Amino acid sequence: MIFEMYLHKIEHFTNARAEIDSFGKYFYVQDEPDLFSVCFKKEKGKPAELSRWQTCFPKIMFHRSLKKLGLSEDGMYAFEVFLSRLGYLFQIDNRQRIDKDIFILFYIYQLVSLKNSKEDYAIKAKNYFLRFLCFEMGMDYDSYNLLCITNDGLCINTIQHDNVSVLSLLEQFYLQLGKKKDLEDTQSIKHYQSSVLSFLFIEDKENNHLLFNDTNCYLSDPNTFMYTYKKSKKVIYKALEQCFDKYQSTKNLLISNFILMNYSYYIVRDNLEDLKALRKNVSQDVFEKIISAIVYRGFFVDEAKILKLIDEYNVKPEREGYMLFNLIYSI
């Protein structure tokens, strides 16, 4: 269900007139024109936003159950806020198309794709992208700095017990809550939260891959991207060149963004010298477009180091022409 909600979010990002769907007991309510929040229907019949899950419980009961988790004040706040942000994760915002949207889509796909990988690059990347996802969802540094990904999934770092699984804390919280009244409401909230946590952080055998009608779609997956790069860099360079095809559809553009961001993080970030190899395999015009997109994005790389390196190629990065952020309106 959660992967379908992710695809639904993508559909609305790339299709301004897509239909709003529902997913079992979860559906969308329009808060304001073209802004749709993920909700469930309470036993009393009213919709409740999952981003405001705390309001579904009496304040005293909620905070008493929270304190029984044995977390610090900062830990309790991080736990509460992160679960609230999960409600925002699949929100549909058709008012605009901005870089924040594509970052969130990219970070989600990274976490889902990497969670089953034991490669060194994957272990490092998962925590890196977790922090950036939290940042884009509006969490403060002190809160998301307590979060990390281990073999137990998403954890909160505590002084007394080191890293504690958020899923186990979730189980403990609802057990402590012991709310028999409106039990179905509690179960709806818990099911959504635990499903999203499992989708993002718990190893499984699910085949959650993007399968768009795009010959380069497979390179949006970080594991496949890295495997292909090690096997044949020229395949990656050709795909980078195709990222700037002016006849791309909006879904093509989404994949192009993912490929560029994969290249920026997994290759250029730690190996600027690869840009020299790239230059030998693409035209000057395409090279300038790739550099411009990376520099404009400021994505994972040291802009000053890139600019110093490309001086020898006489490249002058442009901002407006190669944004690749606002998918529908920039190209």
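The single residue among 147, 133 that is among the aliphatic types (A, V, I, L, M), surrounded by 18 or more Cβ atoms within 10 Å (Cβ to Cβ) and over 16 Å from residue 76 (Cα atoms) turns out to be 133.
Note on region 14-102: enclosed strands (runs of 3 or more DSSP E) holding 1 or more residues that are free of Cβ contacts under 8 Å to residues at least 12 places away in the same chain are 26-32. Residues that are more than 23 Å from the chain's Cα centre (by Cα) number at least 3 in the following helices (runs of 4 or more DSSP H) confined to region 229-296: 233-242, 274-281.
The set of residues in region 113-152 that are under 16 Å from the mean Cα position of the chain (by Cα), assigned to a strand (DSSP E or B) and free of Cβ contacts under 8 Å to residues at least 60 places away in the same chain comprises 148, 149. In region 188-216, which residues are touching a residue at least 12 places away in the same chain (Cβ under 8 Å), of a type in the set (Val, Ile, Thr) and either assigned to a loop (DSSP other than H, G, I, E, B) or not assigned by TED's automatic domain parsing to the domain that holds residue 134 (or both)? 202 - this is the single residue of region 188-216 that is touching a residue at least 12 places away in the same chain (Cβ under 8 Å), of a type in the set (Val, Ile, Thr) and either assigned to a loop (DSSP other than H, G, I, E, B) or not assigned by TED's automatic domain parsing to the domain that holds residue 134 (or both). Residue 231 falls short on exactly one of the conditions (1) modelled with pLDDT of 95 or more; (2) under 24 Å from residue 132 (Cα atoms), and that condition is (2).
The values are calculated or read from the model by the stated rules, or taken from the named source; none is laboratory data. Treat the numbers as computed from the prediction; the structure is a model and nothing was measured. Here Cβ is always computed from backbone atoms with ideal geometry, including for glycine, and neighbour counts include all displayed protein chains.
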